[in-house]
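The values are calculated or read from the model by the stated rules, or taken from the named source; none is laboratory data. Remember, predicted model here, so these are calculated numbers, not experimental data. All Cβ positions, even for glycine, are placed from backbone atoms using ideal geometry, and neighbour counts span all protein chains on display. Accessible surface is based on the protein model in full, side chains and every heavy atom, while ligands, DNA and RNA are left aside. Shrake-Rupley method; radii C 1.70, N 1.55, O 1.52, S 1.80 Å.
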Amino acid sequence: MGALFSFVVVILLILIAYVGVAAVGMQSIFGTVVPYAAVLIFIVGVVYRVIKWGKSPVPFPITTTGGQQKSLPWIKQAKLDNPSGSAGVIGRMALEILLFRSLFRNSKSELRDGRLAYGSAKWLWLAAIAFHWSFLIVLLRHIRLFATPIPSFVSLLENLDGFLQIGAPRLYLTGVILLLAVTYLLLRRFYVPQVRYISLASDYFPVFLIVAIASTGILMRYFFKVDIVSVKELAMGLVSFNPTIPAGIGSIFYIHVFLVSILFAYFPFSKLMHAGGVYLSPTRNLANNSRAVRHVNPWDYPVKVHTYDEYENEFREKMINAGIPVEHSPAITPEEEEKLTEPTDDAEIPVGKE
Ligand code: HEM
């Protein structure tokens, strides 16, 4: 249901851009107003969410650990899984962000002959890492449309990415890997029952959207070619705040840019914000030094307590009368003391003083 809904929404978005440009001629809306609005929403939305997260109180190091904490010298510490200082935390964060280490350690559990068995599960990691890295490289390669002269690292990326030298224009591997990986991630949601069960429209929508963005990009580069000089003119106009709409750019370009704009505007309000959230995750970015350093909750206020002594003072008589043992004997008056010191047979020994 969520999948169908998301699919229909993405198809509608494609139609809106197509009709808007090809039939109504709203190139300037789809080529300037929409991308500007999307980038604005993206920036404001991301800043808002990061500030909100940043303000969340984290009074203690709430680390999740997968190894031995720093302890006595002869006990081997798991420095990456349970870092006790900044260097370890940086190592853990870098491996998480660049290589998705926790996903690499993903395992699957299943019943085999009636017994619970655990096994390695690396396909999700492989598809996820292929998807994210190729997305990043595709995005960086797009800088050539927005910068003159083209930065040398972008040309380097293009050369590496197109090293197979297949076709004209040259085939970029990352564009294809991006599409394949995101398709795998989509199919996994369809065909793995457990994943399908927990998948919502908000899981399918970004995947369909990215499939559509990569597909329109590939169609535009290799099949329905667009005039790349005019595209660059438009893109340069956007970044120099001097927008122009050159004539003759095919509708597929506007569809591509419209879908990208929707992705950008949707980003801050969706699960896609994990891209920013991972840096702010206290279970990843805090050193586990809870044995070495005393962490005091900064909001601790003096709590009004009623100690046992105060309690007993209040209820001692009633306790004695009820036969409940008390810790301290009743306060003794001087007369009582005098009476107590007289050597009589029936001298009362105060409870608790035996
Ligand atoms: C999330 C952002 C974006 C993604 C994921 C994306 C993805 C892609 C992909 C996969 C291709 C196929 C060729 C390749 O591998 O490079 C492509 C091509 C293209 N994209 Fe994008 N794109 C994005 C943003 C944009 C933006 C903002 C523009 C606006 C200028 C744009 C304009 C183009 C053009 C003109 C091509 C054809 C390039 C050529 O003919 O060499 N894309 N895009």
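Using a 10 Å cut-off on Cβ atoms, rank the peptides 139-145, 127-133 from the highest mean neighbour count down. Could the numbers behind the result be given before it?
Working: 139-145: 15.9, 127-133: 17.9.
In decreasing order of mean packing, 139-145, 127-133 become 127-133, 139-145.
How large is Rg/Rh for region 194-243, to two decimals, with Cα atoms and a Kirkwood Rh? Could the numbers behind the result be given before it?
Numbers: Rg = 16.8 Å, Rh = 13.5 Å.
Ratio value, two decimals: 1.24.
Could you sort the peptides 252-265, 18-31, 60-73 by per-residue average Cβ neighbour count (10 Å cutoff), highest mean leading? Display every interim value, and only then the final one.
Working: 252-265: 22.6, 18-31: 16.1, 60-73: 13.3.
Ranking the peptides 252-265, 18-31, 60-73 by packing returns 252-265, 18-31, 60-73.
Before anything else, pin down the relative contact order of the chain: Cα pairs under 8 Å, at least 6 apart, normalised by residue count, whole percent.
With pairs under 8 Å counted, the relative contact order is 27 percent.
Starting from the Cα coordinates of the chain, work out the convex hull volume and express it per residue in Å³. Working shown, then result.
On the way: hull volume 110.7 nm³, N = 354.
Value for the chain: 313 Å³ per residue.
Can you tell me the orientation of helix 173-191 relative to the chain, as the angle in degrees between its alpha-carbon axis and the longest Cα principal axis, to the nearest 10?
Result, in degrees: 50.
Provide the FRET efficiency to the nearest 0.05 for the residue 291-residue 58 pair, computing r from the beta carbons and using R0 = 30 Å.
Numbers: r = 18 Å, r/R0 = 0.61.
With R0 = 30 Å, the Cβ-Cβ based efficiency is 0.95.
Can you tell me what percent of all Cα-Cα pairs in region 1-148 are more than 22 Å apart?
Values: 7760 of 10878 pairs.
Taking all Cα-Cα pairs of region 1-148, the fraction more than 22 Å apart is 71 percent.
Got a number for carbon plus sulfur as a percent of region 2-280's accessible area, 1.4 Å probe?
72 percent
Using the structure shown, list the pairs from 52/271; 122/271; 70/271 with a Cα-Cα distance above 24 Å, or answer none.
70/271
Would you mind giving the three semi-axes, in whole Å and largest first, of the ellipsoid equivalent to region 1-88 according to its Cα gyration tensor? Working shown, then result.
Numbers: eigenvalues 516, 66, 30 Å².
For region 1-88, the ellipsoid semi-axes come out as 51, 18, 12 Å.
Dipole of the chain, Cα-centred, from +1 at each Lys and Arg C-beta and -1 at each Asp and Glu C-beta, to the nearest 20 debye? Working shown, then result.
Numbers: 31 positive and 25 negative charges, 717 e Å.
Dipole about the Cα centre, nearest 20: 3440 debye.
When you take every Cα atom in region 106-254, what is the radius of gyration, and what is Dmax, the widest Cα pair distance, in Å?
19.6, 68
What is the spread of the Cα atoms of region 149-206 along each of their three principal axes, largest first, in whole Å?
If we take the Cα atoms of region 149-206, the spans are 47, 24, 14 Å.
How many angstrom lie between the C-alpha centres of region 1-67 and region 145-201?
With region 1-67 and region 145-201 each reduced to a Cα centre, they are spaced 19 Å.
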